[in-house]
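S.K.: Got a structure here, written out as structure tokens. Questions coming.
The values are calculated or read from the model by the stated rules, or taken from the named source; none is laboratory data. The model shown is predicted, which means the values in this text are computed figures rather than measured ones. Cβ sites come from the backbone with ideal geometry, for glycine too, and all protein chains shown count toward neighbours. Only protein heavy atoms, including side chains, enter the accessible area calculation; ligands, DNA and RNA are left aside. Shrake-Rupley method; radii C 1.70, N 1.55, O 1.52, S 1.80 Å.
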Amino acid sequence: METNTPTKTFIDFQTEPSRYRHWKLSFDGPIATLAMDVDPQGGLFEGYELKLNSYDLGVDIELYDAIQRLRFEHPEVRVVIFTSAKDRVFCAGANIRMLAQSTHAHKVNFCKFTNETRLSIEDACENSGQHYLCAIHGTAAGGGYELALTADRIIMADDGNTAVSLPELPLLAVLPGTGGLTRVVDKRKVRRDLADVFSTTEEGVKGKRAVEWGLVDEVVPSSKFKDAVRQRAQEMVAQSDRPPDAKGIKLTPLQRSIASDTIEYDYVKIRLDRKIRTAWFTLQGPSGPPPDAIDAGWWLLALARQFDDAMLHLRLNEPTITSWVFKSKGDREWTAAFDATLGRDGWLYREIRLYWKRVLKRLEVSSRSLLTLIEPGSNFVGCLFEVALASDRALMLDGPREGQKEEAAIRLTPTNFGTLPMGNGLSRMESRFWGHPQQVEAARKLVGQDLAAADAAKAGLVTATPDDIDWEDEVRLTLESRASFSSDALTGMEANLRFVGPETMETKIFGRLSAWQNWIFQRPNAVGEGGALKLYGSGKRAEYHEERV
């Protein structure tokens, strides 16, 4: 892997188990154990220690890698036990010193990535047959309890000390940043008044009360705890359809080159135009039809991994690049052949399909303006056309370029009608035509056809269709106007327009909860000189502004 880092603050999202500093991963047949053992000196930045299994972004980068490898490299694993390798503490949550010294942007990106990682656990539980059991022996506070909440089942030691808590509001004047409030009431179905008490109590809840309130599923005396965890895991093994004898595929390191204004992978090329704060993506199609044998280089999987890594890199390392423009190249027939495999049965096809779903969801919550350009030679077929549907606008060149004959075309496939749902539970086609189901059905009748600009516009699949004379000016004006707007206002506008229709636990986490947390992260009660987050551990009492806004 070649990585040329242009800045000292470069954050790399690539890792593998031999490089883990914070997690221990072990296997026993169909049961894996993922034990949190955070190295206090292993922080991503200087200025804080990761005591008591507290975490920063580096800890979660390893967790995300472990989750991905469990899904792709270990089909035999049906149950993952979340636990701690330390005595008397499960996880103290996000490191407070790290949060206190971080920029607002880093806090927001940190919370977003941890949210996505926790949702990937729930996706594994719900859709992959890889169930998670959380075993809490010791304090699970804040983000530690939020991590536990992602599991199918939570079992807690009943020893007089072990407790679960969400103390962010009373201690730090912020909110649980990775879905805690939402999961307590929406997922755990905790009564609202009890959730209010729980979320304003520093010491948390332990023992039978935690079970009675619905905060955990079971409490067991310490003397019987290990046996009970093992028994519950064995019971959960029977609930999975993961193939016991299948062979996983190794997620080999990505080949990547990063320079000052370019980022290149095998299938993803990015050029940065810093003047208009834009990243130009080119998504390359496959070089042939899908081979029977699947490995990490198989086009659909390789492209998903590269696209995923590129987005994470741009989020954290290029925050002033505020617009992402998508182009594509390749043979539509070969792309359609790969796209058709997303509908196949089998654990590995399922994992690739679910990964594509998660990658597209990451795109939609990346707080960037998204523009797709469809030109002659473009390859927006099926899953690649999902990128266009996810974009805020899609422009399609009407007719050939001067002196050429080829025209732009798009092709819908069954993938565009529910295979890769959004966070709101709808397909992107349903979201596009929300309230107009007849247009969804009209689009469905076009599956398999190569649609020129006029046909795509008539079907409502693109925003505008300039001809060759106007194309360059239309693209330039779109990007220049975007660059002239407030990035904050654009983020708010785009987030509100992209997610129509029903609200889900996921949209609440990324919309309602995240929006409130982002606001609170900038308020003096939390981050001012006399704010609780800044003064935590100093012995000084926070100075709160009394007005409610």
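S.K.: Looking only at region 532-548, how many residues end up being without any contact (Cβ under 8 Å) to a residue 40 or more places away in the chain and not acidic (D, E)?
M.R.: Residues meeting the conditions: 7.
S.K.: Additional query: Is it true that some residue in region 488-511 is under 30 Å from E375 (Cβ atoms), surrounded by 14 or more Cβ atoms within 10 Å (Cβ to Cβ) and of a type in the set (S, T, N, Q)?
M.R.: Yes, that holds for at least one residue.
S.K.: Among the residues that make up region 387-395, is at least one of them open to solvent by 40 Å² or more (accessible area, probe 1.4 Å) and of a type in the set (S, T, N, Q)?
M.R.: No; the residues of region 387-395 include none that is open to solvent by 40 Å² or more (accessible area, probe 1.4 Å) and of a type in the set (S, T, N, Q).
S.K.: For region 190-217: of the residues being of a type in the set (S, T, N, Q) and within 29 Å of the chain's Cα centre (by Cα), which is farthest from Q130 (Cα to Cα)?
M.R.: So the residue we want is T200.
S.K.: If you check E202 against the conditions, is it surrounded by fewer than 18 Cβ atoms within 10 Å (Cβ to Cβ) and in contact (Cβ under 8 Å) with a residue 12 or more places away in the chain?
M.R.: yes
S.K.: Could you say whether any residue in region 65-83 is open to solvent by 20 Å² or more (accessible area, probe 1.4 Å), modelled with pLDDT under 95 and over 16 Å from the mean Cα position of the chain (by Cα)?
M.R.: no
S.K.: Mind listing whichever residues of region 186-199 are acidic (D, E) and surrounded by 12 or more Cβ atoms within 10 Å (Cβ to Cβ)?
M.R.: D186, D196
S.K.: Quick check on R548: is it out of contact with any strand residue (DSSP E or B) (no Cβ under 9 Å at 6 or more places or on another chain), farther than 29 Å from R368 by Cβ and modelled with pLDDT under 90? Talk me through it step by step, then tell me what you get.
M.R.: On the way: out of contact with any strand residue (DSSP E or B) (no Cβ under 9 Å at 6 or more places or on another chain): yes; farther than 29 Å from R368 by Cβ: yes; modelled with pLDDT under 90: yes.
It is true that R548 is out of contact with any strand residue (DSSP E or B) (no Cβ under 9 Å at 6 or more places or on another chain), farther than 29 Å from R368 by Cβ and modelled with pLDDT under 90.
S.K.: Does any residue in region 250-264 that is without any contact (Cβ under 8 Å) to a residue 60 or more places away in the chain come within less than 7 Å, Cβ to Cβ, of a residue that is surrounded by fewer than 18 Cβ atoms within 10 Å (Cβ to Cβ) and in a loop (DSSP other than H, G, I, E, B) six or more places away or on a different chain, and which pairs are these?
M.R.: T252/A296
S.K.: Picking from L25, L34, L44, which residue would you name as being out of contact with any Ser or Thr (no Cβ under 8 Å at 6 or more places or on another chain) and under 26 Å from H313 (Cβ atoms)?
M.R.: L44
S.K.: Go through region 81-199 and tell me which strands (runs of 3 or more DSSP E), entirely inside it, have 3 or more residues that are touching a Leu at 6+ places or on another chain (Cβ under 9 Å).
M.R.: On the way: elements: 89-91, 131-136, 139-141, 153-157, 163-165.
So the answer is 89-91, 139-141, 153-157.
S.K.: Filter region 521-534 for residues that are of a type outside the set (G, A, S) and open to solvent by less than 30 Å² (accessible area, probe 1.4 Å); which is farthest from the chain's Cα centre (by Cα)?
M.R.: This residue is L533.
S.K.: Looking at (1) outside any helix (DSSP H, G or I); (2) in contact with a strand residue (DSSP E or B) (Cβ under 9 Å, 6 or more places away or on another chain); (3) small (G, A, S), find the lone condition where A456 falls short.
M.R.: Here A456 meets the rest and fails (1).
S.K.: Continuing with the same structure: Consider region 93-111. How many of its residues are among the small types (G, A, S) and over 14 Å from L50 (Cα atoms)?
M.R.: Count: 2.
S.K.: Further question: Would you pick out the residues in region 488-514 that are farther than 16 Å from E168 by Cβ and among the small types (G, A, S)?
M.R.: A489, G492, A495, G501, G511
S.K.: Moving to a separate point now. Tell me, which residue of region 218-260 that is of a type in the set (D, E, K, R), closer than 23 Å to A151 by Cα and crowded, with 18+ Cβ neighbours inside 10 Å is nearest to the chain's Cα centre (by Cα)? Even if it seems obvious, please write down each step before you answer.
M.R.: Let us first name the residues in region 218-260 that are of a type in the set (D, E, K, R), namely 218, 224, 226-227, 230, 232, 235, 241-242, 245, 247, 250, 256.
Next, only the ones that are closer than 23 Å to A151 by Cα stay: 218, 224, 226-227, 230, 232, 235, 241-242.
After this cut, where a residue has to be crowded, with 18+ Cβ neighbours inside 10 Å as well, the list is 232, 242.
Values: R232: 29, R242: 23 Å.
Across region 218-260, the extreme among qualifying residues is R242.
S.K.: State which residue pairs qualify: first residue under 17 Å from S378 (Cα atoms) and inside region 286-309, second residue acidic (D, E) and open to solvent by 10 Å² or more (accessible area, probe 1.4 Å) in any location, beta carbons under 8 Å apart, and separation of 6 or more residues or different chains.
M.R.: Close Cβ pairs satisfying both conditions: P286/D331.
S.K.: Look through region 470-520, keep the residues that are farther than 24 Å from K361 by Cα and aromatic (F, W, Y), and return whichever of them is nearest to the chain's Cα centre (by Cα).
M.R.: By that ranking, first place goes to F485.
S.K.: Kindly provide the set of residues from region 266-295 that are open to solvent by 80 Å² or more (accessible area, probe 1.4 Å), part of a loop (DSSP other than H, G, I, E, B) and within 13 Å of L314 (Cα to Cα), ordered by number.
M.R.: R274
S.K.: Tell me, which residue of region 464-486 that is surrounded by 17 or more Cβ atoms within 10 Å (Cβ to Cβ) and of a type in the set (S, T, N, Q) is nearest to P319 (Cα to Cα)?
M.R.: Once the filter is applied, the top-ranked residue is T478.
S.K.: Next up: In region 318-335, which residue that is in contact with an Asp or Glu (Cβ under 9 Å, 6 or more places away or on another chain) and open to solvent by 10 Å² or more (accessible area, probe 1.4 Å) is nearest to H106 (Cα to Cα)?
M.R.: My answer is K327.
S.K.: Continuing with the same structure: In region 205-217, which residue that is assigned to a helix (DSSP H, G or I) and under 28 Å from T504 (Cβ atoms) is least open to solvent (accessible area, probe 1.4 Å)? Show your work before the answer.
M.R.: Of the residues in region 205-217, the ones assigned to a helix (DSSP H, G or I) are 207-213.
With under 28 Å from T504 (Cβ atoms) added as a condition, the list becomes 210-213.
Details: A210: 0, V211: 54, E212: 142, W213: 43 Å².
Across region 205-217, the extreme among qualifying residues is A210.
S.K.: Let me ask another. Before we move on, is G382 open to solvent by 10 Å² or more (accessible area, probe 1.4 Å), at positive phi and free of Cβ contacts under 8 Å to residues at least 60 places away in the same chain? Steps first, answer last, please.
M.R.: On the way: open to solvent by 10 Å² or more (accessible area, probe 1.4 Å): no; at positive phi: yes; free of Cβ contacts under 8 Å to residues at least 60 places away in the same chain: yes.
Considered against the rule, which asks whether it is open to solvent by 10 Å² or more (accessible area, probe 1.4 Å), at positive phi and free of Cβ contacts under 8 Å to residues at least 60 places away in the same chain, G382 comes out as no.
S.K.: Further question: Hey, can you tell me all the residues within region 149-185 that are open to solvent by 50 Å² or more (accessible area, probe 1.4 Å) and either without any contact (Cβ under 8 Å) to a residue 24 or more places away in the chain or under 26 Å from E503 (Cα atoms) (or both)?
M.R.: Once the filter is applied, which keeps residues that are open to solvent by 50 Å² or more (accessible area, probe 1.4 Å) and either without any contact (Cβ under 8 Å) to a residue 24 or more places away in the chain or under 26 Å from E503 (Cα atoms) (or both), region 149-185 yields D152, R153, L169, L181, V185.
S.K.: If a residue must be in contact with a Cys (Cβ under 6 Å, 6 or more places away or on another chain) and assigned to a strand (DSSP E or B), how many such residues does region 396-434 contain?
M.R.: Going through region 396-434, the residues in contact with a Cys (Cβ under 6 Å, 6 or more places away or on another chain) turn out to be 415.
When the remaining residues are screened for being assigned to a strand (DSSP E or B), the result is none.
The qualifying residues number 0.
S.K.: If you don't mind, another one. Among the residues of region 337-370, which ones are open to solvent by 10 Å² or more (accessible area, probe 1.4 Å), over 30 Å from D245 (Cα atoms), not in a helix (DSSP H, G or I) and not polar (S, T, N, Q)?
M.R.: The answer is V365, R368.
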